[in-house]
Amino acid sequence: MKIKTDENTNKLLLDLKGCGVYLEGNVLKVVESDDPKVKKYLDTCLNKDRSSRSKRLEVTKQVQKQYVELEKVNKKNEELLEELQSVLCETEKSRDKAIEDLDYLQKKNQFELINIIVRVALMIIIGVGITTTGLYLVAILTGKETDVIGSTWSNMFGMLLTSSFSIVGTIMGVKYASKNND
């Protein structure tokens, strides 16, 4: 179906042309005129409409292409994020394991040091005790006076006993202080 223009419509169309306004869209397919100036105007409108549609189509295609590329980049970013989260989780587990290992080594070293201190202290205490007892026995067996050595021997064992309790108390204090209260 075609719509023929009359004199008034032709005049209105030419006034639109004078204002720089051009028709576009499907209306151009149905409007026709016998006036050569209006025909030329309608042809110009049709060419501008085709050009405008072509540009819009090109922009739409470009936007769609960019959208597809953005979707691909977004998908890669999501994959990278998941990978980073996985690596972060593994790193945290490794850090926790390293902290546990370090704590174990520190406790092991403290335990070994405490064992060495206790052994050396006990050897000294036993050595001094045996030496003092040996001197006291020699004095008794040889018939020498044992009053001074006896009181010294008694004092020595008292000091050794006090020292051993002091060492044990210090070691227990170190163990208690280094205990993790978590």
*Output for the stretch 141-178, where each listed residue is among the aliphatic types (A, V, I, L, M) and within 20 Å of Ala121 (Cβ to Cβ)*: Met156, Met159, Leu160, Leu161, Ile167, Val168, Ile171, Met172, Val174, Ala177
*Go through (1) part of a helix (DSSP H, G or I); (2) within 60 Å of the chain's Cα centre (by Cα) and name the single condition Thr9 misses.*
(2)
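Is it fair to say Ile99 is at pLDDT below 80, assigned to a helix (DSSP H, G or I) and not hydroxyl-bearing (Ser, Thr, Tyr)? Steps first, answer last, please.
Details: at pLDDT below 80: no; assigned to a helix (DSSP H, G or I): yes; not hydroxyl-bearing (Ser, Thr, Tyr): yes.
No: the conditions fail for Ile99.
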*Looking at the stretch 79-110, which of its residues are over 10 Å from the mean Cα position of the chain (by Cα) and hydroxyl-bearing (Ser, Thr, Tyr)?*
Ser94, Tyr104
*Please name all residue pairs, on different chains or six or more residues apart, with Cβ atoms under 8 Å, provided the first residue is in the stretch 98-114 and is under 18 Å from Thr170 (Cα atoms) and the second residue is exposed (fewer than 10 other Cβ atoms within 10 Å of the Cβ) and of a type outside the set (A, V, I, L, M, F, W, C).*
none
*Does the stretch 65-80 contain at least one residue that is polar (S, T, N, Q) and in contact (Cβ under 8 Å) with a residue 12 or more places away in the chain?*
no
*Does the stretch 129-141 contain at least one residue that is modelled with pLDDT of 80 or more and either under 43 Å from the mean Cα position of the chain (by Cα) or closer than 30 Å to Gly173 by Cα (or both)?*
yes
*Which one of Lys72, Lys55, Lys65, Lys76 is modelled with pLDDT of 90 or more, more than 40 Å from the chain's Cα centre (by Cα) and in a helix (DSSP H, G or I)?*
Lys55
*Of all residues making up the stretch 55-102, the number that are within 26 Å of Glu24 (Cβ to Cβ) and charged (D, E, K, R)*: 5
*Subset of the stretch 123-169 [over 26 Å from Phe111 (Cα atoms), outside any loop (DSSP other than H, G, I, E, B) and polar (S, T, N, Q)]*: Thr131, Thr132, Thr133, Thr142, Ser151, Thr152, Ser154, Asn155
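The values are calculated or read from the model by the stated rules, or taken from the named source; none is laboratory data. Note that the structure is predicted; figures quoted are calculated from it, not measured. Neighbour counts run over all protein chains shown; Cβ positions are idealised from the backbone, glycine included.
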